[in-house]
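Undergrad: Attaching a single structure in C-alpha cells format; questions to follow.
The values are calculated or read from the model by the stated rules, or taken from the named source; none is laboratory data. Just so it is clear, the structure is predicted and the values come from calculations on it, not from any experiment. Cβ placement follows ideal geometry from the backbone for every residue including glycine, while neighbour counts extend to all protein chains displayed.
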Amino acid sequence: MTTARSLLLAALLAGCAVPALAETVYVSNEKDNTLSIIDGATLTVTETVKVGRRPRGITLSADGKHLYICASDDDTVQVMDLATRKILHNLPSGEDPELFALHPDGKQLFIANEESNVVTVVDVPSRKVAYQVDVGVEPEGMAVSPDGKWAVNTSETTNMVHWIDTEKRSVVDHTLVDARPRYAQFNKDGSRLWVSAEIGGTLSVIDTASRKVAQTVRFKIKGVPQDRIQPVGIKLTDDGRYAFVALGPANHVAVVDAQTFAVKEYLLVGRRVWQLDLSPDQKRLYATNGVSGDVSVIDVESLKVVKSIKTGRYPWGVAVKG
Amino acid sequence: MRFSLWLPSLMQIALLAGGLCASPAAFSQEAAPADNSTVRIAYLTQEVEHPPAMSNLDEPPADDGLAGATLAVADNNSTGRFLKQRFALEAVTVPIDGDPAQALRDLAAAGHRIVVLDLPGEAPGALARLPEAADLLLFNAGSTDDSLRNALCAPNLLHTAPDRAMLADALAQYLAVKRWTKWQLIVGTRPEDRLYAAAVKRAAKRFGAEVVEEKTWSEDHDARRTAQAEMPVFTQGKRHDVVIVADEIGDFGDYVLYRTWEPRPVAGTQGLVPTNWHRAHEAWGAAQLQSRFKAAAQRIMSPRDHAVWAAIRAVGEAATRTRSTDPAALATYIRGPDFTLAAFKGVPLSFRSWDGQLRQPVLLAADRSLVSVSPQDGFLHPKTELDTLGHDQPETGCRR
C-alpha cells in the first residue's frame, strides 16, 4: 500500500503516468516554435512545450538530464531541463545554429552556424565559446568520432566534409562529396563516416583513416522521380547491421545493409522525411516528416512502419531518451 | 559574433567591380593574366534606359545582376580555398550608347575565356557569333528570348535565365491543375510583350488551355488616374477563368488586378508571376541564399541576380568536381552528362544538350507568397519532368 502510494506519488511528481522504463521522444517543430514530447509506451504526444524560434537540431546531454535545442532564429542554443521542461539558460551558439554534435566528453558542443560559415565550439559547463573554425559555405551536418579525435562538418554549398582535429582545434583535411551534404554520422567504432548528399541523391561512406570516399550508395524507388530522392538524416544501428536514411521528398526511409552497402528495403513514411533517431534499445526508429507534420515509428526487427504520430508544424529534429 | 572571414574579400571584389563599372576600358590595360590556379570570370552588362512605366513604385537596383555575380564569386572562393583554387571577377558595364560587342572583343583580347552576359533581347546571340567569341564559354543570364534557344542558338552559349516558353509553360501547368483553362490575354504594345504573349499562346496549346480573347492595351494616358474607369470596361468580353497579362516592363499590368469586369485572378507578368527566383521562396535552403545575399547586397535577390549567380556557381562547381581551373576543361565538364548544380530549387539542375538551356523548376509567386512550383505533379516526362517546361529536344529549333 505504502509502496503503491509512493509509486503513484512519484509518477504524479514526474508529471506522467507511464511505465518508468518506456522511452520519451522529443521532437522540435520548426514552424510552431514548440517541442512535442511523445510517450514511447503509448506513442502519443503527452505535452507540447514552447521553445525558441525556429527550433531545428536537438540533442540530449551526456547524462540525459538536459536537451540542447538549436533555436535558429534566436541565434542561440537553449538548454532545457527535461524534468521540469523549463529552459535553464542559453548557450552562445553563433549565428543561425542548425545542427550540432556533442563530444564524448559531454562538454564540448560543436555547432554548425549556417549563415556565417563557421563551426562554433561551446564549452557547455562554462557556457563560453571555446573556439570557432572556418569551414565552407552553409555548414550543416556535424558529427564527432567516438574517440573524440575528429569533429566533422558538412558544408552544403561547398559540398565537402571538413575534418576538424579537436586537439589542434583546426580543420586539417577536406573530403569532397556529392551536392548538398546534409548529415554525417560515424559508425560505432569510428572507422567509417556516413554522409548524405541531398541534391546529389547519394550516401558517401568515408574511411576515417584515409578520409577518402570508400563507397557511394545510390537509391532508386519505383514510381518516384530520381530527383525527388534527397537523402538527409542517417542513423546507424550499434550492431553494424543497418543504416537508416531519410530520403526527404521521396517520402521513404531507406534501409541499407551497413556491411554490403546494398539497399535492403524502402519504407513508406510521411511527407518530406527529415531526421531520424533510434530508441536506446535500438528496437524502434523515429522519423520526422516535415510536410505531413507527423512522426513515423518504425519497428527495427520487422522493418515495418507501425504508427504515425501527429506533431506540430514542420517537425524537424528528434531525440529519444531512455 | 564573428562574421565570415570572406566578407572583406567580398567587399574588395565589389569595390573592384564598382571601379571597373565607371571605366569600361580599364580592363584592357589589365595586368598579366593571373596564375593558373585562378579562374577568371567576366561579367558583361549594359546600362539601359528604363522606359517610363505607370507602375513606378520600385526603382530597379543599379547593381541588378552584378550583385549576384559578386556573391557567386565569393561562394566559389570559399570552396576554392580548400582546393587551392581562386576565382576572380571582372565586371564591365557598357554605357547606353556603348558597344557590347567591342567590350566582349576586349575581354577576349585580355585573355578572358568565361563571360557571363547580362544583356537583353537577342544581343547574346549576336555576341556569340563574333569570331573572337569562338573559344569563349558564354552564359546568357539576362535574356528570356526564345529565339536564343532556337534559331539564334550557338554552341558556345549556355543560358541560366529561363526563356519565356519555360515561364509560360510553368504558369500553364498550374492553371491546368486549377482547371482555369479559358484565358483572356492582355498584351502591351512593346515587342517583348508580344514575345511573352506568343509564349503564353504556345503554352495554352501544349497544356490544353484556350486563349478565348486577346486584347492589346494601347492606352497612352496615365491609368493611375483612370484605371478605375478603364479596366472594367476593357476586360469585358468572352467568358474566361483567368486574365493573363503580357507587360514585361510593368507598365499597366498591376492596374488590371482587382479592376476586371468579372471577378477573375490575374497572372502572367503581374499577379501570379512565373519566375526563376522570388523573395518569398525559402524552401530547400533558399532561405540561406536569400539572407546571404541580403547581407552582402543590402537588398533582396532578383531573378537576374539568381541567373548570374547560377552561371558563376556552375563554373565553380565544375572547378570543384574536375579539380581544374582550365577554362576549356570547365566548359567541357559543364556541358557534359555528369554536371549538376545545386541552386536552392529542390532538384539538381543541368544544361540541356540540344540548346544549352539550364533546366530548372519555375516558381509561381504572388507579391508576398510563393503559390506553387512547376513542373506540377502529373506532368510526366520520360527523362526529367523539368523538360516539360520550355523547348524539349524533339521540338527544338536549335541547329548548332
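Undergrad: Restricting region A:117-133 to residues that are surrounded by 19 or more Cβ atoms within 10 Å (Cβ to Cβ) and not in a strand (DSSP E or B), which is modelled with the lowest pLDDT?
TA: A:Asn117
Undergrad: Which one of B:Lys383, B:Lys345, B:Lys294 is assigned to a loop (DSSP other than H, G, I, E, B), within 14 Å of chain A (Cβ to nearest Cβ), surrounded by fewer than 17 Cβ atoms within 10 Å (Cβ to Cβ) and of a type in the set (Lys, Arg)?
TA: B:Lys383
Undergrad: Next question, about the same structure. Using the structure shown, decide if B:Ser350 is on the phi < 0 side of the Ramachandran plot, within 14 Å of chain A (Cβ to nearest Cβ) and hydroxyl-bearing (Ser, Thr, Tyr).
TA: It is true that B:Ser350 is on the phi < 0 side of the Ramachandran plot, within 14 Å of chain A (Cβ to nearest Cβ) and hydroxyl-bearing (Ser, Thr, Tyr).
Undergrad: Output the qualifying pairs, or none if there are none: Cβ atoms under 6 angstrom, residues six or more apart or on different chains, first residue in region B:353-367 and assigned to a loop (DSSP other than H, G, I, E, B), second residue among the aliphatic types (A, V, I, L, M).
TA: Hits for this filter: B:Gly356/B:Leu157; B:Gly356/B:Leu158; B:Gln360/B:Leu349; B:Pro361/B:Val373.
Undergrad: Any idea which of (1) of a type in the set (Val, Ile, Thr); (2) under 17 Å from A:Arg182 (Cα atoms); (3) surrounded by 19 or more Cβ atoms within 10 Å (Cβ to Cβ) is the one A:Thr216 doesn't satisfy?
TA: It is condition (3) that A:Thr216 fails.
Undergrad: Restricting attention to region A:85-118, report how many residues are at negative phi and within 12 Å of chain B (Cβ to nearest Cβ).
TA: 12
Undergrad: Further question on the same structure: If the requirement is being at pLDDT 90 or above and more than 30 Å from B:Asp251 (Cα to Cα), which of these qualifies: B:Gln85, B:Gln12?
TA: When all the criteria are applied, what remains is B:Gln85.
Undergrad: Mind checking which residues of region B:25-60 are modelled with pLDDT of 80 or more, polar (S, T, N, Q) and more than 21 Å from the chain's Cα centre (by Cα)?
TA: B:Ser37, B:Thr38
Undergrad: Could you please find all residues in region A:171-192 being part of a strand (DSSP E or B) and in contact (Cβ under 8 Å) with a residue 40 or more places away in the chain?
TA: Scanning region A:171-192 gives A:Pro181, A:Arg182, A:Tyr183, A:Ala184, A:Gln185, A:Phe186.
Undergrad: Still on this structure, I have one more. Select the strands (runs of 3 or more DSSP E) contained entirely in region B:131-194, then report the ones holding at least 1 residues which are assigned by TED's automatic domain parsing to the domain that holds B:Pro51 and in contact with a Lys or Arg (Cβ under 9 Å, 6 or more places away or on another chain).
TA: Counting at least 1 such residues, we get B:137-140, B:157-159.
Undergrad: If you don't mind, another one. Pick out the one residue from A:Arg182, A:Arg211, A:Arg169 that is surrounded by 21 or more Cβ atoms within 10 Å (Cβ to Cβ), of a type in the set (Lys, Arg) and in contact with a strand residue (DSSP E or B) (Cβ under 6 Å, 6 or more places away or on another chain).
TA: Being surrounded by 21 or more Cβ atoms within 10 Å (Cβ to Cβ), of a type in the set (Lys, Arg) and in contact with a strand residue (DSSP E or B) (Cβ under 6 Å, 6 or more places away or on another chain) holds for just one of A:Arg182, A:Arg211, A:Arg169, which is A:Arg182.
Undergrad: Here is a follow-up. Keeping to region B:333-342, report how many residues are within 13 Å of another protein chain (Cβ to nearest Cβ) and over 17 Å from the mean Cα position of the chain (by Cα).
TA: Number of matching residues: 3.
Undergrad: If only one of A:Val213, A:Val205, A:Val195 is in a strand (DSSP E or B) and within 14 Å of chain B (Cβ to nearest Cβ), which one is it?
TA: Testing whether each residue is in a strand (DSSP E or B) and within 14 Å of chain B (Cβ to nearest Cβ) leaves just A:Val213.
Undergrad: Give the residues of region B:233-251 that are of a type outside the set (A, V, I, L, M) and on the phi < 0 side of the Ramachandran plot, sorted by residue number.
TA: Hits for region B:233-251 are B:Phe234, B:Thr235, B:Gln236, B:Lys238, B:Arg239, B:His240, B:Asp241, B:Asp247, B:Glu248, B:Asp251.
Undergrad: Follow-up. Looking at region A:179-192, which of the residues that are out of contact with any helix residue (DSSP H, G or I) (no Cβ under 9 Å at 6 or more places or on another chain) and among the hydrophobic types (A, V, I, L, M, F, W, C) is nearest to the other protein chains (Cβ to nearest Cβ)?
TA: A:Ala184
Undergrad: Test each condition in (1) without any contact (Cβ under 8 Å) to a residue 40 or more places away in the chain; (2) away from chain B (no Cβ under 14 Å); (3) of a type outside the set (D, E, K, R) for A:Ile58 and report the one that comes out false.
TA: Answer for A:Ile58: the failing condition is (1).
Undergrad: Shifting gears a bit: Among the residues of region A:69-87 satisfying the criterion of being within 18 Å of A:Thr24 (Cβ to Cβ) and hydrophobic (A, V, I, L, M, F, W, C), which is nearest to the chain's Cα centre (by Cα)?
TA: A:Ile69
Undergrad: With the checklist (1) surrounded by fewer than 16 Cβ atoms within 10 Å (Cβ to Cβ); (2) farther than 24 Å from B:Arg313 by Cα in hand, flag the one item B:Ala101 doesn't pass.
TA: It is condition (1) that B:Ala101 fails.
Undergrad: How about region A:163-177: which of its residues are under 16 Å from B:Thr322 (Cβ atoms) and more than 9 Å from chain B (Cβ to nearest Cβ)?
TA: The answer is A:Val177, and nothing else.
Undergrad: Might you check whether a residue that is under 29 Å from B:Ala198 (Cα atoms) and either more than 11 Å from chain A (Cβ to nearest Cβ) or crowded, with 23+ Cβ neighbours inside 10 Å (or both) occurs anywhere in region B:310-332?
TA: yes
Undergrad: Checking the structure you have, find out if any residue of region A:134-143 is within 14 Å of chain B (Cβ to nearest Cβ), part of a strand (DSSP E or B), among the charged types (D, E, K, R) and more than 20 Å from A:Thr216 (Cβ to Cβ).
TA: So far as region A:134-143 goes, yes, one or more of its residues are within 14 Å of chain B (Cβ to nearest Cβ), part of a strand (DSSP E or B), among the charged types (D, E, K, R) and more than 20 Å from A:Thr216 (Cβ to Cβ).
Undergrad: Still on this structure, please answer the following. Restricting to region A:216-238, what's the tally of residues that are more than 30 Å from B:Ser374 (Cβ to Cβ) and either away from chain B (no Cβ under 14 Å) or not in a strand (DSSP E or B) (or both)?
TA: So the answer is 6.
Undergrad: Okay, moving on. Do any strands (runs of 3 or more DSSP E) entirely within region A:241-306 hold 2 or more residues that are farther than 29 Å from A:Asp207 by Cβ, and if so, which?
TA: Ranges flagged: A:284-289, A:294-299.
Undergrad: Okay, moving on. Out of all the residues in region B:271-288, which are modelled with pLDDT of 95 or more and either of a type in the set (Ser, Thr, Tyr) or more than 17 Å from B:Ser372 (Cβ to Cβ) (or both)?
TA: Answer for region B:271-288, where residues must be modelled with pLDDT of 95 or more and either of a type in the set (Ser, Thr, Tyr) or more than 17 Å from B:Ser372 (Cβ to Cβ) (or both): just B:Thr275.
Undergrad: Residues of region A:150-162 being assigned to a strand (DSSP E or B) and either within 11 Å of chain B (Cβ to nearest Cβ) or modelled with pLDDT under 95 (or both), which ones?
TA: A:Ser155, A:Met160, A:Val161, A:His162
Undergrad: May I pose another question? Among the residues of region B:71-126, which ones are within 30 Å of A:Glu156 (Cα to Cα) and more than 14 Å from chain A (Cβ to nearest Cβ)?
TA: B:Arg86, B:Ala88, B:Leu89, B:Glu90, B:Ala91, B:His112, B:Arg113, B:Ile114, B:Val115, B:Val116, B:Leu117, B:Asp118
Undergrad: Continuing with this model, one more query. With the condition kept exactly as written, say whether any residue in region B:261-269 is within 14 Å of chain A (Cβ to nearest Cβ), in a loop (DSSP other than H, G, I, E, B) and of a type outside the set (S, T, N, Q).
TA: No, because not a single residue in region B:261-269 is within 14 Å of chain A (Cβ to nearest Cβ), in a loop (DSSP other than H, G, I, E, B) and of a type outside the set (S, T, N, Q).
Undergrad: A:Arg127 fails exactly one of the following numbered conditions: (1) closer than 18 Å to A:Ala319 by Cα; (2) away from every other protein chain (no Cβ under 14 Å); (3) over 14 Å from the mean Cα position of the chain (by Cα); (4) in contact (Cβ under 8 Å) with a residue 24 or more places away in the chain. What is the number of that condition?
TA: Tallying (1) closer than 18 Å to A:Ala319 by Cα; (2) away from every other protein chain (no Cβ under 14 Å); (3) over 14 Å from the mean Cα position of the chain (by Cα); (4) in contact (Cβ under 8 Å) with a residue 24 or more places away in the chain, A:Arg127 fails exactly one: (1).
Undergrad: Looking at (1) surrounded by 21 or more Cβ atoms within 10 Å (Cβ to Cβ); (2) touching a strand residue (DSSP E or B) at 6+ places or on another chain (Cβ under 7 Å), which is the only condition B:Pro265 fails?
TA: (1)
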